[in-house]
Amino acid sequence: MDLSLSQALQSPAHWTMVGLTLITVSVAVVIHFSCLNWLNQRLPRLPIVPRRRVLFIIVIALLAHVIEVWIFGLAYWLATHYPELGTLASPENTSLLQCVYFAASTFSTLGYGDIVPLGPIRLLAGLEALTGFVLITWTASFAYLEMQRDWSS
């Protein structure tokens, strides 16, 4: 059932989803910022061959992305325990691993379509895709700048 804008603005479920989405996105961005900041501060002091620094960046950034996907997965899993927040329509039960799988495909903007968000939870899915796109490109930019600095060495 689609709600009008005025109905949505008066719906506690929608405001709960807005809050959960803001918290989840904020935590993911802070984790990513902290990871890249940590790398930026420590890379020059690491006794690693310059080209291997890029590999180190990619491994650490992938770990950060995995943590971020799990945070989104946990948010979906939590939200699916409250029917008024919506659900993830899936051929299987919506387990924690199903939620993490959905988060991974959404974060990467791949979106297979085998799991579909229904209800207010769609806000989290939409903003997760945008957040994932921004964080992935942030990582790519960071790695590119490091490659420019070290790759010729």
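Readers should treat all values here as calculations from the given coordinates under stated rules, not as data from a laboratory. Everything numeric here is computed off the predicted structure, so don't read it as measured data. Reconstructed Cβ throughout: ideal geometry from the backbone, glycine too, with neighbour counts over all protein chains shown.
For Tyr82, Tyr112, Tyr101, what's the fewest-to-most ordering of other Cβ within 10 Å of each Cβ? Please report the intermediate quantities before stating the final value.
Working: Tyr82 15, Tyr112 9, Tyr101 20.
Lowest to highest Cβ neighbour count: Tyr112, Tyr82, Tyr101.
Which order do Leu123, Leu135, Leu97 fall in if you start with the one that has the fewest other Cβ atoms within 10 Å?
On the way: Leu123 20, Leu135 23, Leu97 11.
With the fewest neighbours first, Leu123, Leu135, Leu97 line up as Leu97, Leu123, Leu135.
Against the globular-protein guess of 2.2 N^0.38 Å, express the Cα radius of gyration of segment 38-130 as a ratio, rounded to two decimals. Each step should come with its number before you reach the end.
On the way: Rg = 17.0 Å, N = 93, 2.2 N^0.38 = 12.3 Å.
The reported ratio for this selection is 1.38.
Out of Tyr76, Ala129, Ser90, whose Cα points farthest toward the positive end of the dipole of segment 76-153 (charges: +1 Lys, Arg; -1 Asp, Glu; placed on Cβ)?
Ala129
Place +1 on the Cβ of every Lys and Arg and -1 on the Cβ of every Asp and Glu in the chain, take the dipole about the Cα centre, and give the residue among Leu62, Val49, Thr106 whose Cα lies farthest towards its positive end.
Farthest towards the positive end: Val49.
How big is the C-alpha Rg of segment 21-62 next to the rule-of-thumb value 2.2 N^0.38 Å, as a ratio? Working shown, then result.
On the way: Rg = 12.6 Å, N = 42, 2.2 N^0.38 = 9.1 Å.
For segment 21-62, the normalised Cα radius of gyration is 1.38.
To the nearest 20 debye, what is the magnitude of the charge dipole of the chain about its Cα centre, counting +1 on the Cβ of each Lys and Arg and -1 on the Cβ of each Asp and Glu? Present the calculation step by step, with values, prior to reporting the outcome.
Values: 7 positive and 8 negative charges, 166 e Å.
So the magnitude is around 800 debye.
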